[in-house]
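Enquirer: Please find one structure pasted underneath; my questions will follow.
The values are calculated or read from the model by the stated rules, or taken from the named source; none is laboratory data. Since this is a predicted model, take the numbers as computed values, not measurements. Backbone-built Cβ (ideal geometry, glycine too); neighbour counts: all protein chains shown.
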Amino acid sequence: MKPPQKDEPDLRTRLVDVGVELLAEQGVEALTLREIARRAGVSHGAPRRHFPTHLELLSAIAHRGFTELAGRVTSALGDDDAPPRAKLSQLGYVYLEFALEQPGMYELMFRHDLLESGHLRLRDTSLPLFGVLVELVARVRPGADARAVAGALWANLHGLAQLWRWGSLQLATGSDDFAPLLGTALDAHLGPEAGR
């Protein structure tokens, strides 16, 4: 094992960095403590000093993904005066782009069977994203159960992302653009956009 250089990140950060890289290269199944430690250049027991369980390391890696997705959503929605429906469309587009660009991270982020979301404050990162969706839905459909509508829309976005990744939707629809499908999903959950 080599000691970290002054400009090297601490071991905790390095283990998460290595996990993120491994996830991008090989997917969720490759995220073993032994492989992450090997790639980080430490003994297979070294990660346990920072992450007592494998689940805690996976949660820290997923936290990185939620932080990135939250940043993308915040940047895309901005502080402009766009109508809530347009913001929902933008949020959906950013969400789908993230899922398609980083399929391994996306899968890990929503595999609550693999994560300890309460222990490492993962919910503090993930639930506010859902809260943005709920708030926008409430503005588009006042009087509706915004959490239920947002949950159904969120599930629809997950289905779009998964089926698009597998190539199923392109085959079924003959399209190579998911934007019309996103528009249709929004119409299904929110009603047709005003003026159309």
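Enquirer: Pick from region 78-108 the residues that are touching a residue at least 40 places away in the same chain (Cβ under 8 Å), among the hydrophobic types (A, V, I, L, M, F, W, C) and closer than 12 Å to residue 158 by Cα: which of them is surrounded by the fewest Cβ atoms within 10 Å (Cβ to Cβ)?
Expert: Restricting to residues being touching a residue at least 40 places away in the same chain (Cβ under 8 Å), among the hydrophobic types (A, V, I, L, M, F, W, C) and closer than 12 Å to residue 158 by Cα, the top hit is 100.
Enquirer: Right, here's the next one. Can you pull out every residue in region 138-155 that is hydrophobic (A, V, I, L, M, F, W, C) and either in a helix (DSSP H, G or I) or modelled with pLDDT under 95 (or both)?
Expert: 138, 140, 146, 148, 149, 150, 152, 153, 154, 155
Enquirer: Part of a helix (DSSP H, G or I), crowded, with 19+ Cβ neighbours inside 10 Å and either assigned by TED's automatic domain parsing to the domain that holds residue 95 or at pLDDT 95 or above (or both): which single residue out of 158, 189 fits that description?
Expert: Just a single option satisfies the conditions, and that option is 189.
Enquirer: Separate question: Tell me the residue from 172, 194 that is part of a helix (DSSP H, G or I) and either within 24 Å of residue 78 (Cβ to Cβ) or small (Gly, Ala, Ser) (or both), please.
Expert: 172
Enquirer: Please work out which residue is modelled with the lowest pLDDT, limiting yourself to region 1-51 and to residues that are part of a helix (DSSP H, G or I) and β-branched (Val, Ile, Thr).
Expert: Across region 1-51, the extreme among qualifying residues is 28.
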